[in-house]
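Below: one structure, written as structure tokens.
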Amino acid sequence: MNYTLRKADENDKDLSFEIRKNALGKYVEETWGWDEEFQRKYHEEDFDTDILSIIEVDGEPAGTLEVYSDEHSMIISGIYIIDKYQNKGIGTKILLNLHKQASAENKAIRLQVLKVNERAKKLYLALGYEIYNATETHFQMVNYNPVK
């Protein structure tokens, strides 16, 4: 399934919240419990159009991607695909494209995943990520050689 990315703008604040809630909500619920007011406030504070893109399939929102870089790494701070588009290869394609970009820039890729999100963790491990740290709630992962 093909996708496009478009830069998010201020008008995407509610859309990106709904995408995050759809894709991540059950894992947040399982980890901390879902508190709508807290989650909306967190989203308001976390919303950053400088790093946020909307993933679209045939012009329809399918997810969000949040990526930024530092001197040594590309950091994926969020990749959320709504349930309608999960398990269709979109996340894998996005990650592989990011791997090419990181490799061209000679950078590692870092991300973190909630421990309860086994499906995402399995995908990251299959794509060459390694767990380098664990918190109470997250695995922090890195891929030092994103293109083999």
### Task
Kindly indicate whether residue 127 is among the hydrophobic types (A, V, I, L, M, F, W, C), without any contact (Cβ under 8 Å) to a residue 40 or more places away in the chain and closer than 20 Å to residue 71 by Cβ.
no
### Query
In the list 37, 71, 45, 56, which residue meets the criterion of being on the phi < 0 side of the Ramachandran plot, touching a residue at least 12 places away in the same chain (Cβ under 8 Å) and of a type in the set (Asp, Glu)?
56
### Summary
Exactly one of 120, 134, 104 is small (Gly, Ala, Ser) and touching a Lys or Arg at 6+ places or on another chain (Cβ under 9 Å), and that one is 134
### Message
Between a residue in segment 136-148 that is farther than 15 Å from residue 106 by Cβ and in contact (Cβ under 8 Å) with a residue 24 or more places away in the chain and any residue that is open to solvent by 60 Å² or more (accessible area, probe 1.4 Å) and basic (Lys, Arg), which pairs come within a Cβ distance under 9 Å, given they are 6 or more apart or on different chains?
### Response
137/115; 138/115; 139/115; 140/110; 141/110
### Query
Just to be sure, is residue 65 more than 18 Å from residue 12 (Cβ to Cβ), in contact (Cβ under 8 Å) with a residue 24 or more places away in the chain and of a type in the set (A, V, I, L, M, F, W, C)?
no
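The values are calculated or read from the model by the stated rules, or taken from the named source; none is laboratory data. Since we're looking at a predicted model, the values are computed, not measured. Virtual Cβ from ideal backbone geometry, glycine too; neighbours counted across all protein chains shown. Quick note on the areas: whole protein, heavy atoms, side chains included, nothing else; ligands and nucleic acids left out. Shrake-Rupley method; radii C 1.70, N 1.55, O 1.52, S 1.80 Å.
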